[in-house]
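Peer 1: Pasting a structure here, questions to come.
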C-alpha cells in the first residue's frame, strides 16, 4: 500500500511540474512541489527535463505573419455581405436563419456602439415583424444583439417543433455534457426525447426552406468525434419519453 | 505574451464593444490577436494549408459570438478557446486519419520570413516531436509553455476538466521524451 501510495504521490507531483516550471501553481501547490523536490532525486530529474521542454517551446520563433493589409477588409466585407441578407454561410454551424439576417444586424452596423437599448428594441421589433419559427434557440450564440432569453421546458415541447426534422443521436461515452451542449447549441438543435438506456437522444433541428439540409447536419454530426451515431427519424414520430 | 493588466482590461472592453457591433473595436481586436491566433492554430494543426482558413473562421466566430463572452475568463482565454475548437473542427472535417501532415510542406510562393521559419520549425527536432503528438496534446503543451497559462486556464481554453489537461500533458511529455534524446540527456546532474 505504501509503495503504491508513494507512486501516486510521485505521479501527482510530476503531473504538476509543467505548471511549477511556468510559475502558475498557487502557493499551496507550489509549496507541496518544492518540498517534494527537496528530497526526491527522480522528480528533480523530471523537473529538469520539463524545464528543458518548456524552454524549447517558449523559445520558438514567431511564425505568424503580419496579416496582409487587405485581409481585414475582406473579412469585414464577408460579414457585411452575410448580414445584408446575403447568402447563407456554407456550414450549418455558421448558418443564420433568415430572420436574423435582416434589420437588427443592419441597425447594428449603422448604429455602431450607440447603445444596447436601441439594439434590443430593434431586435424586439424584428422578432415581432418577422415571426420567428417555433424552434427558437434557447440562447443563440449567433445573435450578437441583446435578446430576451426564452426557455422551453423539456416536459412541455412545442407541438410545432415536431414538424422540424428530427434526428436520433448517440454520443460517445464519457462525452462531457458541456460538449454535448455546445454541439447542439451550434446546430440550434433541441433535445426533445431521451436519453434512453442505450444513450440515444432525440433532437430536432431547424426546418423550413431556409434551414440547412438534413444531410448536411447529419454529415456534420457524424464527422464529430463526439458522436457515435446519428440518423434521421421520420417526421411526426413521437419523441421517446425519458425512461 | 499578452501585454500588462491594462491591456487585458482593454481586451475585455473591446470584446464587449464588438458584441454591440462596434467595427472599430473589432479592428482593434484583430490587430491585437491575429498573430497570436495564427501561431496557436498553426501549432495545433501543423497543416499550413489549413491555417489561414481556420484563422478566418476564428475571427468570424469572435465577431458573431462576442455577445456570449461573460467576462468571467480573460478575453485571451476565450479567444484561444474558439481557436482551439475551430482547429479541431477543421481536423475532423479533413479526417484525422487522412494524409498525415507533411514533414516538409511545399513552400508557398513567394516565401516570407515567417513561412521559412515555419518550415524550419516543423523540420527541427522539437517540431518533429510535436508532430507525433495529437492535436489536443500539442494544444496543451503550447498553451502551457508558450502562452504561460495555468492548468485551470488551459482547461478553460480546451474546454476539458483539469484532470484531462494534466493527463494529456503527462502523456505528451512522455511521448516527447521518447522522441527527443535532447530532453532526456539534459536531465543528468544539471540544476536549472
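Peer 1: Based on what the data block shows, is residue A:57 within 8 Å of another protein chain (Cβ to nearest Cβ), in a helix (DSSP H, G or I) and under 29 Å from residue B:29 (Cα atoms)?
Peer 2: Values: within 8 Å of another protein chain (Cβ to nearest Cβ): yes; in a helix (DSSP H, G or I): yes; under 29 Å from residue B:29 (Cα atoms): yes.
Against the criterion (within 8 Å of another protein chain (Cβ to nearest Cβ), in a helix (DSSP H, G or I) and under 29 Å from residue B:29 (Cα atoms)), residue A:57 qualifies.
Peer 1: Next question. Which of the residues that make up the range B:149-161 are facing chain A (nearest Cβ under 10 Å) and either modelled with pLDDT of 95 or more or touching a strand residue (DSSP E or B) at 6+ places or on another chain (Cβ under 8 Å) (or both)? Please lay out each step first, then the result.
Peer 2: We begin by selecting, within the range B:149-161, every residue facing chain A (nearest Cβ under 10 Å); these are B:149-154, B:159-161.
Scanning the range B:149-161 gives B:149, B:150, B:151, B:152, B:153, B:154.
Peer 1: Give me a count of the residues in the range B:5-27 that are closer than 13 Å to residue A:76 by Cα and free of Cβ contacts under 8 Å to residues at least 24 places away in the same chain.
Peer 2: So in the range B:5-27, the residues closer than 13 Å to residue A:76 by Cα come out as B:18, B:21-27.
Filter once more, so that each one left must be free of Cβ contacts under 8 Å to residues at least 24 places away in the same chain: B:21-25, B:27.
Residues meeting the conditions: 6.
Peer 1: A further question on this structure: Test residue A:77 against the criterion of being touching a helix residue (DSSP H, G or I) at 6+ places or on another chain (Cβ under 6 Å), within 30 Å of residue B:50 (Cα to Cα) and surrounded by fewer than 17 Cβ atoms within 10 Å (Cβ to Cβ), and give yes or no. Spell out how you get there, then give the answer.
Peer 2: Details: touching a helix residue (DSSP H, G or I) at 6+ places or on another chain (Cβ under 6 Å): no; within 30 Å of residue B:50 (Cα to Cα): yes; surrounded by fewer than 17 Cβ atoms within 10 Å (Cβ to Cβ): yes.
It is false that residue A:77 is touching a helix residue (DSSP H, G or I) at 6+ places or on another chain (Cβ under 6 Å), within 30 Å of residue B:50 (Cα to Cα) and surrounded by fewer than 17 Cβ atoms within 10 Å (Cβ to Cβ).
Peer 1: Then there is this: Checking the condition within 11 Å of chain A (Cβ to nearest Cβ) and either within 18 Å of residue B:157 (Cα to Cα) or surrounded by fewer than 22 Cβ atoms within 10 Å (Cβ to Cβ) (or both), which residue from B:75, B:83, B:66 passes? It would help to see each step written out before you state the result.
Peer 2: Details: B:75 fails: within 11 Å of chain A (Cβ to nearest Cβ); B:83 fails: within 11 Å of chain A (Cβ to nearest Cβ).
Criteria check complete, one pass: B:66.
Peer 1: Across the range A:1-16, what is the number of residues that are more than 10 Å from chain B (Cβ to nearest Cβ), surrounded by fewer than 16 Cβ atoms within 10 Å (Cβ to Cβ) and assigned to a helix (DSSP H, G or I)?
Peer 2: Residues of the range A:1-16 more than 10 Å from chain B (Cβ to nearest Cβ): A:1-10, A:13.
Still in the list and also surrounded by fewer than 16 Cβ atoms within 10 Å (Cβ to Cβ): A:1-10.
Keeping just the survivors that are assigned to a helix (DSSP H, G or I) gives A:2-10.
Qualifying residue count for the region: 9.
Peer 1: Can you go through B:32, B:6, B:17 and tell me which one is part of a helix (DSSP H, G or I) and surrounded by fewer than 17 Cβ atoms within 10 Å (Cβ to Cβ)?
Peer 2: B:6
Peer 1: Also: Answer yes or no: is there a residue in the range A:17-40 that is at the interface with another protein chain (Cβ under 10 Å from one of its Cβ atoms), part of a helix (DSSP H, G or I) and over 30 Å from residue B:54 (Cβ atoms).
Peer 2: Within the range A:17-40, the subset at the interface with another protein chain (Cβ under 10 Å from one of its Cβ atoms) is A:17-19, A:21-26, A:29.
So of that shortlist, the ones also part of a helix (DSSP H, G or I) come out as A:17-19, A:21, A:29.
Those still in the list that are over 30 Å from residue B:54 (Cβ atoms) too: A:17, A:29.
Yes.
Peer 1: Next up: Scan the range A:204-219 and give yes if some residue there is away from every other protein chain (no Cβ under 13 Å), buried (at least 18 other Cβ atoms within 10 Å of the Cβ), in a helix (DSSP H, G or I) and touching a helix residue (DSSP H, G or I) at 6+ places or on another chain (Cβ under 8 Å), otherwise no.
Peer 2: Kept after step one, since they are away from every other protein chain (no Cβ under 13 Å), are these residues of the range A:204-219: A:204-215, A:217-218.
Going one step further and asking which of them are buried (at least 18 other Cβ atoms within 10 Å of the Cβ), we end up with A:204-207, A:211-212, A:217-218.
Retained after the next criterion (residues that are in a helix (DSSP H, G or I)): A:217-218.
Applying the additional criterion that residues be touching a helix residue (DSSP H, G or I) at 6+ places or on another chain (Cβ under 8 Å) yields A:217.
Checked the range A:204-219: at least one residue is away from every other protein chain (no Cβ under 13 Å), buried (at least 18 other Cβ atoms within 10 Å of the Cβ), in a helix (DSSP H, G or I) and touching a helix residue (DSSP H, G or I) at 6+ places or on another chain (Cβ under 8 Å).
The values are calculated or read from the model by the stated rules, or taken from the named source; none is laboratory data. Since the structure is predicted, the reported quantities are computational estimates derived from the model, not experimental observations. Neighbour counts are summed over all protein chains in view; Cβ atoms, including those assigned to glycine, are modelled from backbone coordinates with ideal geometry.
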